[in-house]
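Sharing a structure, written as C-alpha cells. Questions coming.
The values are calculated or read from the model by the stated rules, or taken from the named source; none is laboratory data. Not measured: the values here are computed from a predicted model. Cβ placement follows ideal geometry from the backbone for every residue including glycine, while neighbour counts extend to all protein chains displayed. Ligands, DNA and RNA are stripped out before the accessible areas are found, and what is left, the full protein with its side chains, is counted by its heavy atoms. Shrake-Rupley method; radii C 1.70, N 1.55, O 1.52, S 1.80 Å.
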Amino acid sequence: MAEVTNELIFEVLKQIQGDVSPIKSDLRDVKIRVTNLEEGQAAINRRLDRIDDRLDRMERRVGLVDNPLS
C-alpha cells in the first residue's frame, strides 16, 4: 500500500480545490439568476396587484359589487 505523505495529501487537496472552483463560480451565477427571477416575479406581482385594484374600482363604479367596502 502506498505511503500517505504530506505531499500526496497536498496534491489531492489541490486537485479537489481545482474541481470545486468552477462549481463555486457556477453557484455564484445561479444565485444571481435566481435573484433576477425573484425580482422579476415581484415586479409581476406588483403589476397584478395594481390591475386588481383597478378592476375593483371599475366593478364598484359599474355596480357589479354588492358591498363596496370589500
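Could you tell me which of LEU27, VAL62, ASN6 has its Cα farthest along the dipole of the chain towards the positive end, charges placed at Cβ (Lys, Arg +1; Asp, Glu -1), taken about the Cα centre?
VAL62
Moving on to the next point. Using the heavy atoms of the protein chains alone and a 1.4 angstrom probe, what is the accessible area of the chain per residue in square angstrom? Before the final figure, lay out the partial values.
Numbers: 6790 Å² over 70 residues.
Accessible area per residue, the chain: 97 Å².
Please work out how much length the chain gains when fully extended from LYS14 to LEU27, using 0.36 nm per residue of separation minus the C-alpha to C-alpha distance, in nm with one decimal.
On the way: separation 13, 0.36 × 13 = 4.68 nm, distance 2.00 nm.
Extra length available between LYS14 and LEU27 comes to 2.7 nm.
Per residue of the chain, what 222 nm ellipticity follows from adding -39500 (n - 2.57) for every DSSP H run with n ≥ 4, rounded to the nearest 500? Display every interim value, and only then the final one.
Numbers: 1 runs with 57 residues, N = 70.
It lands at -30500 deg cm²/dmol.
Pairing the Cα long axis of helix 6-62 with the longest principal axis of the chain, what angle in degrees results, from 0 to 90 and rounded to the nearest 10?
Long axis of 6-62 versus the principal axis of the chain: about 0 degrees.
Within the accessible area of the chain, what % is carbon and sulfur when the probe is 1.4 Å and the other protein chains stay in place? Intermediate values should be presented prior to the final figure.
Working: 3840 of 6790 Å².
That fraction is 57 percent.
Treating only the Cβ of Lys, Arg, Asp and Glu as charged (+1, +1, -1, -1), what charge dipole size does the chain show about its Cα centre? Round to the nearest 20 debye. Numbers along the way, then the final one.
Details: 12 positive and 14 negative charges, 124 e Å.
Roughly 600 debye for the chain.
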